[in-house]
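Nothing in this text is a laboratory measurement; each read-out follows from the coordinates by a stated rule. Bear in mind that the values here come from a model prediction, so they are computed numbers and not experimental data. Cβ sites come from the backbone with ideal geometry, for glycine too, and all protein chains shown count toward neighbours.
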Amino acid sequence: MIEARHVTKRYGDTVAVDDLSFSVRPGRVTGFLGPNGAGKSTTLRMILGLTAPSSGTVTVDGVPFAERRRGLRHVGALLDAQDVHGGRTAAAHLSALARGNRIPRTRVADVLEEVGLAKAAGRRIGGFSLGMRQRLGIAAALLGDPGVLLFDEPLNGLDMEGVLWVRGLFRRLAAEGRTVLFSSHMMSEIEQSAEQVLVIGRGRLLADEQLADLSRAARGGSVVTVHAADPAALAALLTGEGASVRPLSEEAVEVSGLPARRIGELALRHGLALHQLTTKASSLEDAFLELTAGSVEYAAGDGRGGAL
């Protein structure tokens, strides 16, 4: 199990992780979500002892990872698939890791076979595609047969077959009672295999709940697009009823918090003409965007002349 308690990491005046507390339990896949710059990679590095927290503690099975000898037997990790010596072969790279952690040499062939790189064992890593490097990084994480596994954006560069394989691998590892944590900035990747979800923004915890609960919350709401003769008057009316209203154009607004039927009834009662109502069910991605709306470090302009 991974436990973080009131962890903060500062770089000068910049707070990368801010009083973060969570637990990642064995037997399930936990997705780690957040916009770019949210602090996901910094948090993973602190779990692995590669970055020291400014305050707070992070432990793996009750012990800081840096205190564990032969770490690959306890935690396997893929943080950066490009961070390997391109002049080595895949087999040589894994053999060096095995020797340093007193892992039987036979594991090298086993994990290369498992990730689909057995035929590329003698090839130099410098000639590998990004997808092949991702597979090699996963092989390194599996090398010590650890109980805890961490992956930072593991699906980057993989084709569809590779994506499906990774999803199945994560489920199998969790079913074996291991702790599996993988990060992504895309909800669509998380919802395919995770059971638990951690969401952070600007280094702070925004959500820690089961994926099914987050999914139900998202799909329990809806967004209604309303075209009206007087959208300003309609917005004032609906806001007074507790709805959230966002202008879309001179004729249309987007309404959340009230169903289309209630919007129509209120407009009729107050003599406001409506031209069209369109309801769209909220998605899991909508829930993620709503959670992180105030935590995006770099937001693009709206196409109307704003700076990017």
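How large is the helix-only mean residue ellipticity at 222 nm for the chain, computed as the sum of -39500 (n - 2.57) over DSSP H runs with n ≥ 4, divided by its residue count, in deg cm²/dmol to the nearest 500?
-9500 deg cm²/dmol
How much length is gained if the chain between Ala109 and Arg269 is pulled fully straight, taking 0.36 nm per residue apart and subtracting their Cα-Cα distance, in nm to one decimal?
Values: separation 160, 0.36 × 160 = 57.60 nm, distance 7.37 nm.
The span from Ala109 to Arg269 would gain 50.2 nm if fully extended.
Would you order Lys119, Lys40 from fewest to most other beta-carbon atoms within 10 Å of each residue's own beta-carbon?
By the 10 Å Cβ count, ascending, the order reads Lys119, Lys40.
When the Kirkwood hydrodynamic radius is evaluated over all pairs of different C-alpha atoms of the range 21-65, what value in angstrom, to one decimal, is obtained? Write out the running numbers ahead of the final one.
Values: mean 1/r = 0.0854 Å⁻¹.
After inverting the pairwise mean of 1/r, the radius is 11.7 Å.
Given the options Ala235, Pro64, His270, identify the residue whose Cα lies farthest towards the positive end of the charge dipole of the chain (+1 on Cβ of Lys, Arg; -1 on Cβ of Asp, Glu).
Pro64
What does the charge count near Pro53 come to, summing +1 for each Lys or Arg and -1 for each Asp or Glu among other residues with Cβ under 12 Å from its Cβ? Before the final figure, lay out each step's value.
Details: positive: Arg5, Lys9, Arg10, Arg45; negative: Asp18, Asp19.
Net of charged neighbours comes to +2.
Taking the Cα atoms only, what angle lies between the long axis of helix 160-175 and the longest principal axis of the chain, rounded to 10 degrees?
80 degrees
Semi-axes of the range 2-216's equivalent ellipsoid from the Cα gyration tensor, sqrt of 5 times each eigenvalue, largest first, rounded to whole Å?
On the way: eigenvalues 153, 76, 54 Å².
Its equivalent ellipsoid spans semi-axes of 28, 20, 16 Å.
For Lys9, list long-range residues whose amide hydrogen, built 1.01 Å from N in the peptide plane, is under 5 Å from its own amide hydrogen.
Ala16, Val17, Asp18, Asp19, Ser54
Expected output is a single nm value to one decimal: the length gained when fully extending between Thr89 and Glu67, i.e. 0.36 nm times separation in residues minus the C-alpha distance. What is it? Let's see the in-between values first.
Working: separation 22, 0.36 × 22 = 7.92 nm, distance 3.01 nm.
The span from Thr89 to Glu67 would gain 4.9 nm if fully extended.
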